[in-house]
1. Kyte-Doolittle cut-off 0.0, length cut-off 15 Å along the helix's own axis using Cα: show which whole DSSP H helices in the chain pass.
2. Within the chain, what whole-number % of the accessible surface is contributed by carbon and sulfur, with the 1.4 Å probe and all protein chains included in the calculation?
3. How large is log10 I(q)/I(0) at q = 0.26, 0.32 Å⁻¹ when the Debye formula is applied to the Cα atoms of the range 75-118, each weighted equally and without solvent?
4. Summing -39500 (n - 2.57) over the DSSP H runs of n ≥ 4 in the chain and dividing by its residue number, what mean residue ellipticity at 222 nm do you reach, to the nearest 500 deg cm²/dmol?
5. Using 0.36 nm per residue of separation minus the Cα-Cα distance, give me the extension gain between Q173 and V136 in nm, one decimal.
6. How many angstrom separate the Cα center of the range 158-181 from the Cα center of the range 196-250?
7. Using only the alpha-carbon atoms of the range 230-308 as identical scatterers, what base-10 log of I(q)/I(0) does the Debye formula give at q = 0.17 Å⁻¹?
8. Quick one: check the C-alpha center-to-center distance for the range 308-326 versus the range 17-51, whole angstrom.
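The values are calculated or read from the model by the stated rules, or taken from the named source; none is laboratory data. Keep in mind it's a predicted model, so treat the numbers as computed, not measured. Cβ placement follows ideal geometry from the backbone for every residue including glycine, while neighbour counts extend to all protein chains displayed. Remember, those area values only see protein heavy atoms, side chains included, never the ligands or the DNA or RNA. Shrake-Rupley method; radii C 1.70, N 1.55, O 1.52, S 1.80 Å.
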Amino acid sequence: MTTHSSDQFGADSPLLDPLAALRTPADPPRDVYLTGTVFLDIIFTGLDSAPVRGTESWARGMGSSPGGVANMATALARLGLRTSLAAAFGDDHYGEYCWDALAQGEGIDLSLSRTVPGWHSPVTVSMAYEGERTMVSHGHEAPPPEPAPDTPPTARAAIASLVPGCREEWIAQAARQGSRIFADVGWDDTGRWDPADLSDLEHCEAFLPNAAEAMRYTGTDCPRAAARALADLVPLAVVTLGAEGAYAVDGRTGETAEVPAIAVEALDPTGAGDVFMAGFVTGTLADWPLADRLAFAGLTAALSVQEFGGSLSAPGWAEIAAWWERAKALRSARPMGSAPCALSRYDFLDRILPATHRPWPLRRAVPTIGFRSS
C-alpha cells in the first residue's frame, strides 16, 4: 500500500492506493467509471419520531452534502480509487457546490460531466430517526443529450444500477472494453420480480442486492439460498443482510463467505449501501480473499453511518486505520483465556494498512451552504 500524488483523480491530500502493487503502464487511466444523477442532500437527524401531520418537528442535527450517485463516487475516491463520474449538474448554487465538493474536495474526475444551463439541481430531504430514514425528493429530468458519453471510457471497473426491464447499452459496451461490472438494483415497482428483467446481468461480474430484493427475484425464503440461486446468473452474488452482515457466493469456484455486521450506533444510514459497494469493489480490484472483501465492505459501511450524509460520511483510510488501532487496543485489553474476539476477523488490515499513516481531515456534511468569507 503506497500513496499517489494528486492528478485529475487525486485531491490535494495524498491517498493510500490499494491497487499500487497491481498497476502497470498499460492500465486504463480510470479505476472506476459510473454515471447517474447527483442530488443535493439535506439531512435532518436527531428526530425523536417520524414527522406527524399538522405538527412541527425540530431536528437536533442537520447537514448538507452531494447525494445520489455522488455517494458512490465519493466512497470510491476516498478509498484511493481513480474515479470518473459522468453526470449532469444544475447551474444553480446547489450545482456549483456539488461540483466543487466532488472535483476539488474529493478529486473525482468530472471531465465527462456537464453543467446544464437553466436546470435546477435535484434535491432530497432525508429525515433520520430510530435507525431508519424517510426521504422526500424533487427534481426535473435533465434535458438531452444524456450526460453519459455514447461510448463509456475504459476503466478497470464500472458500477451500474440496474433498472428492471430496461437495458443500458453502455453496460454492454463497458464490459466489451474489459471493465468489470458491479451492479445493484432498486425496488421493482412493477411487482414482477422476474430475473429475466435484469438482462444486463449477463455483462456483470458481481451483483449486490439486499436480502428482500434477492429473495423476491429468486422466489426463495432465505437470503443465503437466494445468493446461491443468483450465482447461476452472475459470477459473484453478494446479498446484504442488514444488521446480520452479508453473504456471498462465488459461482465460478463455489466458495461462500459470510461476515457479521459491526454493531454501531447509527446517526444517519443514508448511503450505507453505496459505501458497502465501494468497499467491496476496492477489495475485489485488489484481489483480496472473498471474506476479507465482505468484512472490509461492512466495516466501511458501519463507519459511514456514524456521520451525517451519504457522500461525505464515507470513511477514508485514515479513519479505517484509526478504527483498527482502537479495535486492537480493545482486544489486547481482554482478559487472558477469554473467548476469541470477533475483531480477529479484521486482522487482514495489518497487511493492508501501512505501519504509519498520515491522516487528513475529510469534508463532512455542513448545516448550510455558502458561508460568506469574512
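1. Numbers: long enough: 272-285 (20 Å, 1.23); 290-304 (21 Å, 1.14); 317-332 (22 Å, -0.38).
Length and hydropathy pass: 272-285, 290-304.
2. On the way: 9130 of 17230 Å².
That share works out to 53 percent.
3. Results for the range 75-118 at q = 0.26, 0.32 Å⁻¹ read -0.90, -1.16.
4. Numbers: 9 runs with 91 residues, N = 374.
Helix contribution divided over all residues of the chain: -7000 deg cm²/dmol.
5. 9.9 nm
6. With the range 158-181 and the range 196-250 each reduced to a Cα centre, they are spaced 17 Å.
7. Values returned for q = 0.17 Å⁻¹ are -0.61.
8. For the range 308-326 versus the range 17-51, the Cα centre distance is 13 Å.
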